[in-house]
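Scroll down for the structure; my scribbles are underneath it.
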Amino acid sequence: MDRSTKLITISVAAFICYCNTLLGTFVFDDSEAIVKNKDVMPYTPILNIFKNDFWGTDITLNSSHKSYRPLTILSYRLNVLYSNKKLDAFQFHATNVILYGLLCLLSVPVFELFLKKSKYAMNIHDIAYYSSLLFTVHPVHTEVVAGLVGRADILSSVLFFIVILLYQKVRTSNGETAVVWFVISMVLTGCAVLFKETAISVLGLLIVYDIYRQKKKSTSWGEIFSFWLIVRSMAIILCGLAIMYYRFSIMNFEGPIFTSNDNPAGYAQHFFTRVFTYNYIYLLNFLLLIWPEWLCFDWSMGCIPLIESAWDIRAYFVISFWLMSIYLLYALMKKNYQNDILDARVMGVSLIVLPFLPASNLLFTVGFVIAERTLLLPSAGFCFLVIIGFRKLQQNSDNKKIYSIFFYTLLLIFTLRTILRNMSWLTEEKLFASALDVCPLNAKVHYNIAKIAADNSNKELASVKYKRAIELNPNYEQAMNNLANLLREDKKFEEAEVLLRRALTVRPNFAAAWMNLAIVLTNLNRTEEAEHCYKTAIKHRKKYPDCFYNLGNLYLDMKRNEDALKAWEMAVLYRPSHTAAWSNTLVLLDSLKKFEEVLELGRTALMHNPKSAALHFTFANSLGKMQQYEKAEGHFLEAILLNPENALYYSNLGVLYHRWGKILKAREMYKKALQIDPYSKSAVLNLKKLSKAQDRQ
């Protein structure tokens, strides 16, 4: 099989594995990172993507997740532009599949590079090809391909491989040429970090590769560490420090705020618990590479109980894992010293370990337990080692055909598993349901099922699942907040208040809970307490348009009109698309007969929200009262064009025509309103008035 055929085979394998993801939608984290993220849309200033985190929040705020991936967001914006400024899920998924295919193709020359001048050099092309093929179909990649937020991992990994390939030119060039290639490599490393932060680990791999690529085959470390190798390594370290300094300066040298819910082991008090639980998690990650049957979108909140006792049987699995790892590392290093300075297996191990380090909790505490996306690059090293071992067994066997049958059977099983796993990522309902099979004790899974049920108006299921989430995790403040909202909708205000106060005991700076508590207290006619809660919410989240909007509504009920106007002004300042705040402002100003302000603010509101039927309707009503009939008619017609099924729009346009003296048009609008809503009281009453007036004439 020639090289072109091999590359085509890998491309086809990638497409076969992931073509069914093209039918997918925006699921799980895609909603926050893409659908609700204004930085993705072309109308948002492009500089905002360099000021905000991956989720569209100002990265300097305490509430920010601190993940900084502006180039990934830029790729989403390009998808939106290509889709005529719409969020087309097909375009997003197609891009992910294409980028994944590119990553798989790039793995071939990377593996070949690792194999050069090693004892495996005779089989270099076959080992690289089969390693890439196994890597392509590995089911652990479904999260990064089927989940659109996984594009950050794919793009950073693409540059990760490109940097490795370019660095070879640094080693083989001299003088200025070497410097140019080095600069290009470091710039691309910086870009990779802007796709996803973990790409910084490529610098460590470059140093390892440089050491094991020395031409001198000697056991003397003095000969291995040549002057230029030390220079290159120091330059890499300095560039890495510069990239890290820039990265930390972006977020004001403040880390993200995680809780024990995100990573229980990271917040365990006892050293024994942390060590053994961490290592048990490493073992589970390794098992997912070997046999990726148990895949889950989220492994937090009780999915993996802590190892708190030496009598926990899992502790013995951890010890066995240590012993096996130590033995394999010893065997590898012993072979390395006895034979070659360069052993391709060392590069395979490095490709597993170094990219996984940022997720290991060794350098810093992370906000997850297991994340399958973190295994994308480590799985490349794993597949590389598997094929090296497989080829060695095959060569030493008398029946080589059995090994070939076994390998292709494994490829088929992995391909089918990948395709089936993709089906779970097509919709959130399927994704969350699949997680229950793996982590039935995961409170977050029940919470997400409850959210979907609530969005689908299945309040009964939502309530059951929220209660189950709280039962599994008594400190799950978000579940308490959402369950309280359901209780509030059912007018069970006292029960909602209890839950919200309990949530605030867990997290006193929970701004949304403070706002929701204020809404509950308003319904209980405890307005002073409600005002305090609204202000507390704003204290914890200064740019909180919904809270300002609700505070304005409270002031309106309290007859504090000026305070209401100021609150709504803040709401539209922080979110110019907040049409409800604009509408309330216009209605209140109209009632206060401040018509000049109505005209000015109405134009400003529509400038920000030209497609808002409600704003056109509200503005039209005000213009009608000012007897600016032609302008009012234009806005009524625009509102009807944007929302043709709203009977009230036709009815009020009829009133305008009635005042204007256009009786026939008024009658026509009233009748259209009644066609849409036969029980429209305003249309029936106005039509009767119109008929009586005509009878008198």
Measure of compaction for segment 33-148 (Cα Rg per 2.2 N^0.38 Å):
1.40
Can you give the angle from 0 to 90° between the axis of helix 376-395 and the longest principal axis of the chain, with both taken from C-alpha atoms, to the nearest 10?
30
Please give the FRET efficiency for residue 74 paired with residue 98, using the beta carbon to beta carbon distance and R0 = 22 Å, rounded to the nearest 0.05.
0.85
Cysteines without a disulfide-compatible partner [the chain; Cβ-Cβ under 4.7 Å]
17, 19, 104, 191, 239, 296, 383, 533, 547
Net +/- balance of residues flanking residue 418 in space, Cβ distance below 14 Å, scoring K and R +1, D and E -1:
-1
Along the Cα-to-C-beta direction of residue 31, a point sits 7 Å from the Cα; which residues of segment 503-539 have their amide N less than 18 Å from that point?
512-513
Where the chain is the region considered: accessible area per residue in Å², 1.4 Å probe
48
Could you sort the peptides 317-323, 365-371 by per-residue average Cβ neighbour count (10 Å cutoff), highest mean leading?
365-371, 317-323
Cut-off under 26 Å on the C-alpha distance; same-chain residues fewer than 8 positions from residue 116 excluded. Which lysines are left, in chain and number order?
6, 169, 215, 216, 217, 334, 335, 392, 400
Below 15 angstrom from the Cβ of residue 525, what's the summed charge of the other residues (Lys, Arg +1; Asp, Glu -1)?
-2
As an exercise, use a Förster radius of 22 Å and the Cβ-Cβ distance of residue 408 and residue 4 to find the FRET efficiency, rounded to the nearest 0.05.
0.60
In segment 492-533, trypsin sites (Lys or Arg not before Pro) in a DSSP loop with at most 16 other beta-carbon atoms within 10 Å
492, 526
Positive-end extreme of charge dipole, segment 388-485 - chosen from 457, 396, 440 (charges on Cβ)
396
With a Förster distance of 35 angstrom and the Cβ-Cβ distance between residue 489 and residue 591, calculated FRET efficiency to the nearest 0.05 equals 0.75
Compute, for the chain, the length of the dipole vector about the Cα centre, with Cβ point charges of +1 (Lys, Arg) and -1 (Asp, Glu) only. Units Debye, rounded to 20.
920
So how tilted is helix 202-212 from the main axis of the chain? Cα-based, degrees 0 to 90, rounded to 10.
10
For a test of understanding, tell me how many lysine pairs in segment 439-537 have Cα atoms under 22 Å apart, given they are 8 or more places apart or on different chains.
15
What value, in deg cm²/dmol to 500, does the helix sum -39500 (n - 2.57) over DSSP H runs of n ≥ 4 give at 222 nm once divided by the residues of the chain?
-22500 deg cm²/dmol
Loop-located chymotrypsin sites (Phe, Trp or Tyr not before Pro) in segment 1-47, at most 12 other Cβ atoms within 10 Å (DSSP)
43
In nm, what is the difference between 0.36 nm times the number of residues separating residue 471 and residue 641 and their Cα-Cα distance?
56.3 nm
Label of the coordinate-derived value, volume of the Cα convex hull per residue in Å³, listed as [x] 152; [y] 199; [z] 369:
[y]
Using the Karplus curve 6.51 cos²θ - 1.76 cosθ + 1.60 with θ = phi - 60°, work out ³J(HN,Hα) for each residue of segment 136-146 in order, rounded to whole Hz, and write x for Gly and Pro.
4, 9, 4, x, 5, 7, 4, 5, 7, 9, 6
Quick one: length gained pulling residue 396 to residue 309 fully straight, 0.36 nm per residue minus the C-alpha distance?
26.9 nm
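The values are calculated or read from the model by the stated rules, or taken from the named source; none is laboratory data. Being a predicted model, the structure only gives us computed values, none of them experimental. All Cβ positions, even for glycine, are placed from backbone atoms using ideal geometry, and neighbour counts span all protein chains on display. Calculation scope for accessible area: heavy atoms of the full protein, side chains included, ligands and nucleic acids excluded. Shrake-Rupley method; radii C 1.70, N 1.55, O 1.52, S 1.80 Å.
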